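Every read-out reported here was derived from the displayed coordinates using simple, explicitly stated rules and does not represent laboratory data. Computed from a predicted structure; not experimentally measured. Note that we place each Cβ from the backbone using ideal geometry, even for glycine, and neighbour counts take in every protein chain shown.
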Amino acid sequence: MTAFTTAAETHGFLSPTGVEIAFLLVGLVTFGAALVTVTTRQLVHAALWLVVTLGGLAVEYLLLTAEFIAWVQVLIYVGSVVVLLLFGLMLTRAPIGRSPDADSGNRWAALTVAVAAAAALVWVVVDAFRTTWIDLDGPAAGSTEATGASLFQNWVLPFEALSVLLLAALVGAIVLSRKAKADASTPSGADTRPDTEGTR
Amino acid sequence: MHLAYPAVLSALLFCTGLYGVLARRNAILVLMSVELMLNAVNLNLVAFDVWLSRTAEETLHSGQALTLFTIAIAAAEIGIGLAIVLAVHRNRGTADIDKLRDTAERHDPDGTDHDALTAEQSGEAQKAEATA
């Protein structure tokens with residue numbers, strides 16, 4: 001408790017540090033890109049603005065001294081998830097230009113719900129953590145060494161269970177993709193190559 | 001750094017994703033919005049882990065470990081979700097969520113016996129039954 005009060009005494013609202021200013025600017029870019037992602041009518045542009053959002057979040061992780069999470073974010077989200085989403089848009093024959101029906105009819109109800117939730121959450125969070133400061137000095141809290149040590153000392157069993165989950169997701173995605181293809185190719189391929197189907 | 005900055009940014013990103021999930025029609029755009037919500041949760045986890053790793057004695061770095069787990073589960077979720085969307089698109093020819101209303105409740109009195117039809121088709125079927 002004494003740490004909190006001393007931190008509150010030494011910091012001020014009206015004298016932001018350089019890290020705070022950088023966090024604020026990157027956060028504005030991230031939030032704006034997220035808004036464009038959920039409101040643009042061009043589907044491919046939504047995926048590309050999502051890259052800006054996820055990259056901005058990686059920069060925020062770096063500013064919070066969580067280096068390993070930042071690089072994992074860049075590798076997995078920006079590297080693979082967005083590529084998967086672009087492939088999905090391509091395979092579902094998304095229109096290239098503006099699609100007028102990107103938003104459904106209940107967007108005003110959705111906007112009301114989202115704005116109400118944002119107001120409630122921001123009010124509660126600001127009121128709760130008004131006098132709390134993160135101490136970013138000293139060694140990085142999320143360096144690869146610290147993260148790896150805690151992950152393989154305390155979180156080994158969840159880590160291994162996660163690999164099983166990833167394997168299950170991989171097999172599930174393959175099965176979901178394969179079944180429809182087999183059904184689609186059955187009328188044309190069943191009469192030409194019945195033996196290869198049996199031996200497979 | 002003030003803790004309110006990452007917490008407020010995370011709340012705003014979460015509500016942006018919430019709006020996207022509620023307002024978008026294309027299933028892939030809905031998946032993008034779900035990713036936004038998961039990223040907001042990740043930012044919260046990282047910020048509170050960095051805060052608690054300095055103020056608390058022993059935290060096991062649980063926030064960052066849970067962030068890694070969330071990222072991996074989100075990757076699995078996006079793979080399965082896209083496979084499902086592609087299967088639906090292959091069978092139905094659309095990835096439009098508003099048109100996939102097979103399990104929706106309808107308010108017509110005798111609409112219980114053709115569940116597999118869409119709303120418009122059931123309306124046409126009712127007209128056909130009424131004229132027959």
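Placing R0 at 35 angstrom, the Cβ-Cβ distance between B:R92 and A:V29 gives a FRET efficiency of 0.40 after rounding to 0.05. Seen from B:A56, the other residues with C-beta closer than 15 Å to its C-beta sum to a net charge of -3, counting Lys and Arg as +1 and Asp and Glu as -1. Taking amide hydrogens as placed 1.01 Å from N in the peptide plane, the amide H of A:S143 sits under 5 Å from those of A:E67, each at least 5 positions away in sequence or on another chain. Less than 5 angstrom separates the built amide H of B:R24 from those of A:S104, all sequence-distant by 5 or more or on a different chain.
Residue by residue, the stretch A:105-118 carries 3J(HN,Hα) couplings of x, 9, 6, 6, 5, 5, 5, 4, 4, 5, 5, 5, 5, 5 Hz when phi is fed to the Karplus relation 6.51 cos²θ - 1.76 cosθ + 1.60 (θ = phi - 60°); x denotes Gly or Pro.
Divided by 2.2 N^0.38 Å, where N counts the residues, the Cα radius of gyration of the stretch B:4-100 comes to 1.33. Round to the nearest 0.05 the FRET efficiency obtained for A:I96 and B:L100 when R0 = 22 Å and r is the Cβ-Cβ distance. For R0 = 22 Å, the calculated efficiency reads 0.40.
Full extension of the chain between A:A128 and A:R41 gives 27.6 nm of extra length, using 0.36 nm per residue less the Cα-Cα distance.
Neighbouring Cβ atoms from other chains, within 10 Å of the Cβ of residues in A:160-168, number 2 on average.
Rounded to whole numbers, the Karplus 3J(HN,Hα) couplings from phi for the stretch A:65-73 are 6, 9, 5, 5, 4, 5, 6, 5, 4 Hz, using 6.51 cos²θ - 1.76 cosθ + 1.60 with θ = phi - 60°, and x at Gly and Pro.
Backbone phi angles across the stretch B:47-52, fed through the Karplus curve with coefficients 6.51, -1.76 and 1.60 (θ = phi - 60°), yield HN-Hα couplings of 4, 6, 5, 5, 5, 6 Hz in residue order; Gly and Pro are listed as x. Place +1 on the Cβ of every Lys and Arg and -1 on the Cβ of every Asp and Glu in the stretch B:4-100, take the dipole about the Cα centre, and give the residue among B:G63, B:A7, B:G20 whose Cα lies farthest towards its positive end. Value computed over the given set: B:G20.
For the stretch A:15-68, the square roots a ≥ b ≥ c of the C-alpha gyration tensor eigenvalues yield an a/c of 1.5 or more together with a/b not exceeding b/c, which makes the shape oblate. Across peptide B:85-95, the mean count of Cβ atoms from other chains lying within 10 Å of each residue's own Cβ comes to 4.
The amide H of B:H2, built 1.01 Å from its N in the peptide plane, has A:I134 as neighbours under 5 Å, considering only residues 5 or more places off or on other chains.
Inter-chain Cβ neighbour count for B:99-105, averaged per residue, equals 0 (cutoff 10 Å, partner chain atoms only).
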